[in-house]
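Reviewing the structure listed below.
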Amino acid sequence: MTFYRNLVWFTKGFREYTKNGYLAAEKSFDPKALDVDVSSRAFMITGANSGIGKDTAALLAKKGATVHMVCRSETRGEEARKEISESSGSDKVKLHILDMSQPRKVWEFVEKFSSSSEALHVLINNAGCMVNTREVDKDGLEKNFATNSLGTYILTTGLIPLLAKHESPRVVTVSSGLYKTNDVAAHFFKITREYLNVSILSARGRCAT
């Protein structure tokens with residue numbers, strides 16, 4: 001991490017990535033921006049059982065959209081789906097179980113979903129992880145990279161043909177301000193020592209995304 005990038009990260013962090021930063025930005029929000037009819041549109045949200053993903057799913061469900069929640073944990077995913085369905089009164093909230101760190105499973109999911117009768121208008125790539133212990137699968141893929149970058153890439157490119165069939169398709173990818181602090185170095189794929197600084201690892205992953 002260079003001194004300049006470090007400075008940018010902390011400066012923007014204090015100004016924008018805090019509650020006060022949000023409250024300041026909120027003053028420029030257009031209240032009518034969310035006053036839209038999405039009852040005929042279908043949204044897919046990864047990492048939808050908590051945080052930003054869950055809140056997004058809940059808001060869309062309240063507006064009558066079809067919501068496909070993609071979650072790694074069936075237990076937590078079902079709890080969130082039930083909560084959202086009950087609070088919104090919607091019967092169009094669906095749960096899909098998928099571990100984004102497993103590329104083969106992601107591709108299988110893409111093929112299965114694309115061959116179904118389901119429509120898809122918007123894909124929201126929200127799932128991500130920040131694992132500070134080195135985990136490598138049988139194919140030699142490191143978990144942070146597999147989840148944050150490779151899984152997201154496979155899901156997005158695989159679903160583009162389905163998205164393109166509908167009017168005004170969208171892909172939204174949630175990232176992190178950490179990308180400002182680093183770049184994608186060649187040794188990103190051979191990380192061992194730098195697991196001591198998980199922020200460096202995550203930053204490179206966000207750059208790749």
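The figures follow:
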read-out	value
Shape category assigned to segment 38-175 from the gyration tensor of Cα positions, a/c cut at 1.5	oblate
Whole-number percent relative contact order across segment 38-175, with pairs defined as alpha carbons under 8 Å at least 6 apart	25
Segment 144-160 and segment 35-82: distance between their alpha carbon centers, rounded to Å	19
Efficiency of FRET between Ile97 and Leu7 - r from beta-carbon atoms, R0 41 angstrom, step 0.05	0.45
For Val136, Val93, order by how many other beta-carbon atoms lie within 10 Å, fewest first	Val136, Val93
Cα-based shape type of segment 1-84, given that a ≥ b ≥ c are square roots of the gyration tensor eigenvalues and the cut on a/c is 1.5	oblate
Which of Val122, Val171, Val67 has the fewest Cβ neighbours within 10 Å, and the rest in rising order	Val171, Val122, Val67
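Each reported figure results from applying straightforward, stated rules to the coordinates on display, with no laboratory input. Quick caveat: nothing in here was measured; it's all calculated off a predicted structure. Note that we place each Cβ from the backbone using ideal geometry, even for glycine, and neighbour counts take in every protein chain shown.
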